[in-house]
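Below is one structure; the comments refer to it alone.
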Amino acid sequence: DTEVTQTPKHLVMGMTNKKSLKCEQHMGHRAMYWYKQKAKKPPELMFVYSYEKLSINESVPSRFSPECPNSSLLNLHLHALQPEDSALYLCASSHEPRTSGRGSYNEQFFGPGTRLTVL
Amino acid sequence: ELKVEQNPLFLSMQEGKNYTIYCNYSTTSDRLYWYRQDPGKSLESLFVLLSNGAVKQEGRLMASLDTKARLSTLHITAAVHDLSATYFCAVESGGSYIPTFGRGTSLIVHP
């Protein structure tokens, strides 16, 4: 299995709702990422998990709560979101930096994303 | 702080023409990635460039890396409509394996 899957594909929620986004990979990758992408912008890093531990939180508001139950799964719990949080949420995974003959690198593989609309 | 600049940001070209997208970055790096994104879709990895002078080709796309100039190029040969997409370069620097993305180049190829 060489892909990252995300569910749901689309999500519409009100500002008082609680919902979760899910991401799964079975490539044996030990790093997983959440990105937020607004239209016509590059992805913005939110969180990084390395070996199931949160290693980077890019000052993301607490209404976004990540969780990594195991090495294959990554969740993003959403609560009390604002309309400006509407975006495409992308999950990615990678091996820890791996060494090739030319040096180490960390190619990320992205899931299809969840299109989130907050009303 | 690593800065990554892509240009042009928008590119409208005719089928059959050649063009180049440029990715400049501000600090020493030898790890650069090119991604393609179709509208509303995810990012697809195109190329991984890991050393000065690296050149990779896939179909009508060819990417190169000049670490001394801190520049990567994505060259499009004889463009076809199917290449219409947004192309991002992403750069890692030093001990950080978190990429910094450029703003993306939105490419439209007209028949």
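FYI, it's all coordinate maths here, none of it is from the lab. Nothing here was measured: the structure is a model prediction, and the numbers come from that model. Cβ atoms come from the backbone with ideal geometry, glycine included; neighbour counts cover every protein chain shown.
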* Would you mind checking which residues have amide H under 5 Å from B:Glu15's amide H? H placed 1.01 Å from N; only 5 or more apart, or other chain. => B:His110
* Structure fact -> The aspartates and glutamates whose Cα lies under 15 Å from the Cα of B:Lys56, excluding any fewer than 8 residues away in the same chain, are B:Asp30, B:Asp66
* To do: At a temperature of 20 °C and a viscosity of 1.002 mPa s, determine how fast chain B diffuses translationally according to Stokes-Einstein, using the Kirkwood radius over alpha-carbon pairs as Rh; express D in µm²/s, rounded to the nearest whole number.
  => 154 µm²/s
* Asked: How far is it, in nm, from the label point at B:Met13 to the one at B:Asp66 when both lie 7 Å from their Cα along the line to the Cβ?
  -> 1.8 nm
* Looking at segment A:1-85, what % of the alpha carbon pairs are farther apart than 20 Å? -> 34 percent
* Under a straight-distance cross-link criterion of Cα-Cα below 20 Å, which lysines are reachable from A:Lys38, leaving out those fewer than 8 residues away in the same chain? -> A:Lys9, A:Lys19, A:Lys22, B:Lys3, B:Lys41
* Amide H to amide H, which residues 5 or more places from B:Arg103 or on other chains are under 5 Å from it, using H placed in the peptide plane? -> B:Gln6
* Asked: So for the pair B:Leu2, A:Glu84, with labels modelled 7 Å out along Cα→Cβ, what separation do we get in nm?
  -> 2.7 nm
* To do: Step through the residues of segment A:74-89 one at a time and calculate ³J(HN,Hα) from phi using the Karplus curve (6.51 cos²θ - 1.76 cosθ + 1.60, θ = phi - 60°), rounding each to whole Hz and writing x for Gly and Pro.
  => 9, 10, 10, 8, 10, 8, 6, 6, 10, x, 6, 7, 4, 5, 8, 9
* Among B:Lys17, B:Lys68, B:Lys41, which one shows the biggest mean-square fluctuation in a GNM of chain B, springs joining Cα atoms closer than 10 Å? -> B:Lys41
* To do: Could you tell me which of A:Gly14, A:His26, B:Thr86 has its Cα farthest along the dipole of the protein assembly as shown towards the positive end, charges placed at Cβ (Lys, Arg +1; Asp, Glu -1), taken about the Cα centre?
  => A:Gly14
* Once you've got the Cα coordinates, tell me which of A:Lys40/B:Lys17; A:Lys53/B:Lys68; A:Lys18/A:Lys41 are over 29 Å apart. => A:Lys53/B:Lys68
* Structure fact -> With +1 at each Lys and Arg Cβ and -1 at each Asp and Glu Cβ, the charge dipole magnitude of segment A:1-118 around its Cα centre, to the nearest 20 debye, comes out at 280 debye
* To do: For A:Ala80, enumerate residues with amide H under 5 Å from its amide H, sequence gap 5+ or separate chain, H modeled in the peptide plane.
  => A:Asn17
* Asked: Hey, in chain A, which Cys have no second cysteine's beta-carbon closer than 4.7 Å?
  -> A:Cys68
* Which value, in Å³ per residue, describes the convex hull spanned by the Cα atoms of the protein assembly as shown? -> 125 Å³
